[in-house]
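The values are calculated or read from the model by the stated rules, or taken from the named source; none is laboratory data. Please read all numbers here as calculations on a predicted model, not as lab measurements. Here Cβ is always computed from backbone atoms with ideal geometry, including for glycine, and neighbour counts include all displayed protein chains.
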Amino acid sequence: MKSKLWVIRQVDPVQRGLLSQALSISSVTAALLLNRGVTSVNQATAWMSPLRTHDPFLIPDMESAIDRLYRAMQRREVVCFYGDYDVDGMSATSIYLSFFRGLGAEVRAYVPHRLREGYGLNERAVRTLAKEGVSLLVTSDCGTTSHREISLANQLGIDVIVTDHHQSDGEMPPALAVMNPHRPEARYPFHGLCSGGLAYKVAQAYDRKYGAGSVPLESLLDLVALATIADVVPLQDENRLFVREGLAHISRGTRCGIRALKHVAGITGISCECTAETIAFKLGPRLNAAGRLDEAIKGVRLLTTESEREAKELAEDLEQLNRARRELEAEILQEALAQVESRALPGGIVLYARGWHLGVVGIVAARIMERFHRPTVVIAVNEQGIGKGSARTVPGFDLYQTLAACRDLLMAFGGHPSAAGVTIQEARLPEFVERFSAIAETWIRETQSVPMLHVDSEVRLNEVTLRLIREIGTLHPFGAGNPEPTFVVKGLDILNARMVGEKHLKMTVRQGGSVPFDGIGFGMKSLEDRGLSLKTPIDVACTPELNHWNGYDRIQLRIRDIRAAGRES
């Protein structure tokens, strides 16, 4: 099994020393902060102390948005919160519903069907909502590029407020308010909010100017955490506060819908602490299954219900949908892999077929990208010859700009640098395949892209102490933009090693005369599978953590990668 390229980040030793001395922290923790762009004592203090949120009125059009919402409350207008069908869209819609329903407003939710309606606002939905008496439409996770649909809404007497964080290289749509942190004129100091975070900021602004109803702002942070982690936005700045506090709510199970979802996911027990991984790998996929294979509004209902019985029924429904999603994903992944392996590996991978389910192409694209370390687009072509798909990429390759360079071949596209969606006519696919791959090939040649493991610093085992573990704990939560710390420890002797379970490597190591440390490498199988033996000194890339077992806490090395000592990968 081939080792990755270890890229050890370099820091200024003078800055590291200053931070270490000023904050009375270890030099290892000081290096961690510098690697995350924290260069001053004030910044470091903020990272390691209770966090504050920014003024919501710095977000473009915030004042106009909440003033219009207030008028709608006073006039008893019908307000519709229109969200995307992913976790971010569901969570943001649920935040809006919960908060403004607590004010006694006439509110409803609308989430388009992925297959029948597609992403974002659509003309049929706008006309339907107008007939139902909706006079104010608030979007979540969509709307930035919906010029035609918003113009239609205006003609039908509906005011539109957009909350969205998707990028756009054109003019803003003709909405009453467009709250998007990526607007060129935005003065908000943090651009990493997802739509759930933006919806929370709207509630925060409304609370400051007009007062709150029966729903406390802090009770919405579990929904913000769901959205923030599931949408893989950077866990920096106020996102860290949202996720830290939100995870505490999720761990306690304060929302009955999330309690029910945890139960079907096998997360039980009063002391069961939920982490970012809990959301990313257990709760998020089950919520997303509703939008992939059925009606995403079920996710909104689950997140907003106050009925234990309804929550249980909805959670069980999502569990069944998630099982069906896994089966469908496995089938399409097998077919996609056959396409890749039938020809030479290109710089950028574009796969397409009729009969593939649109609801899982994004997951398949992620699987292909992870396996071959190439920017990947997977497209499902319908009977009318229209292909819709999802794109995922490797670090450093900007999908949004690449798709913008292919705009003449596409019917539509949108998204972020790391994930995007496309719509294309089947006849244009061969040309798109060629151009996308050529752009990726050029990037690979220029960057020499290979699978990499970014490492914060080299440490010695005697530096891995309980104090270091506690200091690392102040940097939680970890995720996109704030990766879990990874260290290299070199020249280790293996005292013993064995395989536990079916594929996990358990070992005990020592560096010189240090005390022995236990290590676990999940999915690493045996030493022989890694081309190593008990007699081979090794270097490991690892994350130190506390292992709770039989009432005792011991430091354990969670091994990320391993190689023979002195062998540069």
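Does region 100-108 include one or more residues that are touching a residue at least 60 places away in the same chain (Cβ under 8 Å), part of a helix (DSSP H, G or I), surrounded by 24 or more Cβ atoms within 10 Å (Cβ to Cβ) and not assigned by TED's automatic domain parsing to the domain that holds Gly389?
There is no residue in region 100-108 that is touching a residue at least 60 places away in the same chain (Cβ under 8 Å), part of a helix (DSSP H, G or I), surrounded by 24 or more Cβ atoms within 10 Å (Cβ to Cβ) and not assigned by TED's automatic domain parsing to the domain that holds Gly389.
Exactly one condition in (1) within 30 Å of Glu273 (Cα to Cα); (2) in contact (Cβ under 8 Å) with a residue 24 or more places away in the chain; (3) surrounded by fewer than 14 Cβ atoms within 10 Å (Cβ to Cβ) is false for Gly566; which is it?
Only one criterion is unmet by Gly566, namely (1).
In region 436-448, is there at least one residue being surrounded by fewer than 20 Cβ atoms within 10 Å (Cβ to Cβ) and farther than 30 Å from Arg343 by Cβ?
No, region 436-448 has no match at all.
Across region 315-370, what is the total count of residues that are closer than 29 Å to Gly257 by Cβ, small (Gly, Ala, Ser) and more than 20 Å from the chain's Cα centre (by Cα)?
3
Which of the following residues is exposed (fewer than 14 other Cβ atoms within 10 Å of the Cβ) and either out of contact with any strand residue (DSSP E or B) (no Cβ under 6 Å at 6 or more places or on another chain) or under 29 Å from Arg371 (Cα atoms) (or both): Arg530, Arg470? Outline the logic, then answer.
Details: Arg530 fails: exposed (fewer than 14 other Cβ atoms within 10 Å of the Cβ).
Sole residue among the options that is exposed (fewer than 14 other Cβ atoms within 10 Å of the Cβ) and either out of contact with any strand residue (DSSP E or B) (no Cβ under 6 Å at 6 or more places or on another chain) or under 29 Å from Arg371 (Cα atoms) (or both): Arg470.
Please count how many residues of region 233-254 are part of a helix (DSSP H, G or I) and either within 15 Å of Tyr200 (Cβ to Cβ) or among the hydrophobic types (A, V, I, L, M, F, W, C) (or both). Outline the logic, then answer.
Step one: filter region 233-254 for residues part of a helix (DSSP H, G or I), giving 238-252.
Next, only the ones that are either within 15 Å of Tyr200 (Cβ to Cβ) or among the hydrophobic types (A, V, I, L, M, F, W, C) (or both) stay: 238-250.
Final tally of qualifying residues: 13.
Quick check on this structure: which one of Ala227, Ala203 is of a type in the set (A, V, I, L, M), in a helix (DSSP H, G or I) and closer than 14 Å to Phe57 by Cα?
On the way: Ala227 fails: closer than 14 Å to Phe57 by Cα.
Matching residue, one of Ala227, Ala203: Ala203.
So how many residues does region 23-50 have that are of a type in the set (A, V, I, L, M, F, W, C), in a loop (DSSP other than H, G, I, E, B) and in contact with a strand residue (DSSP E or B) (Cβ under 7 Å, 6 or more places away or on another chain)? It would help to see each step written out before you state the result.
Pass one, region 23-50, residues of a type in the set (A, V, I, L, M, F, W, C): 23, 25, 28, 30-34, 38, 41, 44, 46-48.
With in a loop (DSSP other than H, G, I, E, B) added as a condition, the list becomes 25, 38, 48.
Cutting the leftovers down to in contact with a strand residue (DSSP E or B) (Cβ under 7 Å, 6 or more places away or on another chain) gives us none.
Here the count works out to 0.
Could you list all residues from region 473-503 that are in contact with a Pro (Cβ under 9 Å, 6 or more places away or on another chain), surrounded by fewer than 17 Cβ atoms within 10 Å (Cβ to Cβ) and closer than 30 Å to Pro234 by Cβ?
Gly481
Among the numbered criteria (1) outside any loop (DSSP other than H, G, I, E, B); (2) closer than 30 Å to His249 by Cα, which single criterion is violated by His166?
Here His166 meets the rest and fails (1).
I'd like the full set of residues that are assigned to a helix (DSSP H, G or I) and hydroxyl-bearing (Ser, Thr, Tyr), limited to region 51-75.
Keep residues of region 51-75 that are assigned to a helix (DSSP H, G or I), which gives 56-58, 62-75.
Result: Ser64, Tyr70.
How many residues, within region 387-401, are under 21 Å from the mean Cα position of the chain (by Cα) and surrounded by 15 or more Cβ atoms within 10 Å (Cβ to Cβ)? Even if it seems obvious, please write down each step before you answer.
Narrowing region 387-401 to residues under 21 Å from the mean Cα position of the chain (by Cα): 389-401.
Cutting the leftovers down to surrounded by 15 or more Cβ atoms within 10 Å (Cβ to Cβ) gives us 389-394, 397-400.
Number satisfying all stated conditions: 10.
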